[in-house]
Amino acid sequence: MTQRIRELLDGGFSAASALADEIPQRISSGDFEWVTLLGAELTRRAAGEGEDPSEHAFLLDRLQTTLATTAGHRSLRALLDLPFSLRAGEPARTRAERRLAQLVALGHRPEDIVPVVYGEQPGIAASDEFKACLLQELVLVGVAILEYPLLRSFGEALVTEGHPLAPLPLHLLPAERRALLRPADAPDDWTWALPPATVAQQSDQPELRVSPEMRERGVAVGPVAMTAPEAAEAMTAAVRHWLDESNGMVAAREFRSASPVPPDDFAAVFERLPLPAWSTGEPGARLHPATSDRVLRVLLTAAVRSPAYGHGMFGAYGRLAVWRSLGGLVGAPSDAPIDDTATLVEQAHWFVADPSSDWFHQVAWDLAVATLRPGEREIAVLTATDTD
């Protein structure tokens, strides 16, 4: 069997393609010995000098994806026997762990995942980082974590160790439940992720119209800019990869008013704010009210998906980044527990704007979110865009 695998790997592109086509057939028939041998041969060749790593990485990706999406404890064990990445260096392994954690949570039952991944079975050596990501991916698909003692104890250990994902609750918060859980009457192709941005897809509520009376009251409010660097950094967390890995532009602004801003007049106040995305002389932004869960979907879609270049954050770290952004938008202290931030998110008034000005590239990566914070004296606005 090993000799045949080697012959196919030596046979050029067409033979490698045939090998890739064979992977799903082998896995569906339960031939995990063949899977293990192929994984071992790919690892051996990737370590050799003069080998082309791209072909091997393609086949490993096909192996991993098929195993991660084929339910059953045997496929899960076989997946954990494979290397996470053939590329040297921590970034490649970390990215692979996050990707596979998402796929496993979607493709396997908790009854298989818990004993295989968290039960420390002989021969299984999942890293703590993979386990931490998988734990949060399971939260995001609605698994009741506290019903599984091994999951609960691992989550408690993350808190003790101060892991970056430890602040995230082991349950869905109200806005997350409304945004992420599949409705009973949802069509077959339903997904919580939003399509590329237009205001019609980011808000299901009518545009806010501004009357002369609203404008007159808005002039009297006169909010002033107050953006602190740490606040801007927090607000942009969900789209930071648009900047770091791609061609993105991001702008985060805070404003404070001496008197409360009536939510019904927010559109009139918003159109007067000095925002980079809407220059003086351009038509004002089309503004729509939004629920907190709708805004969460906008931000989580941006965080989880890849920008024009680079990679997405996947679910676990995407969730963490979204709550950091939401915390910045509602003015929560940087060290506030996420449950406290969630309370402020529910109390705030939310809006989305149509990303249709010249500042936005209007390709597939645009968002514009605004909030009137609890107390109705402070406003925060986040805009982002990217292009290929």
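Observations, loosely collected:
- Most to least accessible of His288, His311 (protein chains only, probe 1.4 Å): His311, His288
- Computed over protein heavy atoms with a 1.4 Å probe, the accessible surface of region 126-265 works out to 51 Å² per residue.
- The helix-based estimate of mean residue ellipticity at 222 nm for the chain, built from -39,500 (n - 2.57) per DSSP H run of four or more residues and divided by its residue count, is -14500 deg cm²/dmol to the nearest 500.
- Modelled spin labels at Ser127 and Glu346, positioned 7 Å past Cα toward Cβ, are 3.7 nm from each other.
- Computed 3J(HN,Hα) for region 311-321, one whole-Hz value per residue from the Karplus formula 6.51 cos²θ - 1.76 cosθ + 1.60 where θ = phi - 60°, is 10, x, 8, 6, x, 4, 6, x, 4, 4, 5, glycine and proline marked x.
- Pair Thr69, Gln205: separation of 7 Å Cα→Cβ label points (nm): 3.7
- For Asp366, the amide hydrogen comes within under 5 Å of the amide hydrogens of Ala197, counting only partners 5 or more places away or on other chains and with H modelled in the peptide plane.
- Nearest-ten-degree value, helix 53-68 long axis tilted from longest Cα axis of the chain: 80
- Global form of region 241-388, assessed from the alpha-carbon gyration tensor, a/c cut-off 1.5: oblate
- Per-residue Karplus couplings for region 142-159, computed as 6.51 cos²θ - 1.76 cosθ + 1.60 with θ equal to phi - 60°, are listed in order as x, 6, 7, 4, 5, 7, 10, x, 5, 5, 4, 5, 5, x, 5, 5, 4, 5 Hz, Gly and Pro entered as x.
- Once divided by 2.2 N^0.38 Å, the Cα radius of gyration of region 193-313 becomes 1.17.
- Selection from Cys133, Pro83, Thr160, by position along the positive dipole direction of region 62-193 (Cβ): Pro83
- Axis angle, to the nearest 10 degrees, between helix 128-140 and the longest C-alpha principal axis of the chain: 50 degrees.
- With all protein chains in place and ligands, DNA and RNA left out, the 1.4 Å accessible area ranks His108, His171 as His171, His108, largest first.
- Remark: the chain carries a charge dipole of roughly 280 debye about the Cα centre, counting +1 on each Lys and Arg Cβ and -1 on each Asp and Glu Cβ.
- Computed with every protein chain present, the accessible area of Met226 is close to 50 Å² [probe 1.4 Å].
- FRET efficiency, 1/(1 + (r/R0)^6) with R0 22 Å, evaluated for Ala40 and Ala92 via beta carbons: 0.70
- Counting only alpha carbon atoms, the long axis of helix 90-107 and the longest principal axis of the chain meet at about 90°.
- Rolling a 1.4 angstrom probe over the chain with all protein chains present gives an accessible area of which 52% lies on carbon and sulfur atoms.
- Applied to region 352-359, the Karplus parametrisation 6.51 cos²θ - 1.76 cosθ + 1.60 on θ = phi - 60° returns per-residue 3J(HN,Hα) values of 10, 10, 6, x, 10, 7, 5, 5 Hz, with x for Gly and Pro.
- Contact order relative to length of region 78-194, as percent, for alpha carbon pairs under 8 angstrom and 6 or more apart: 21
- Charge sum, other residues only, whose C-beta stays under 9 Å from Met214's C-beta, Lys/Arg counted +1 and Asp/Glu -1: -1
- For the residues Asp386, Asp61, Asp81, a 1.4 Å probe over the protein chains yields an accessible-area ranking, largest first, of Asp81, Asp61, Asp386.
The values are calculated or read from the model by the stated rules, or taken from the named source; none is laboratory data. Because the structure is a prediction, the values reported are computed rather than measured. A quick note on method: Cβ atoms are made from the backbone with ideal geometry, for glycine too, and the neighbour counts reach across all protein chains shown. These area figures cover heavy atoms from the full protein model, side chains too; ligands, DNA and RNA do not enter into them. Shrake-Rupley method; radii C 1.70, N 1.55, O 1.52, S 1.80 Å.
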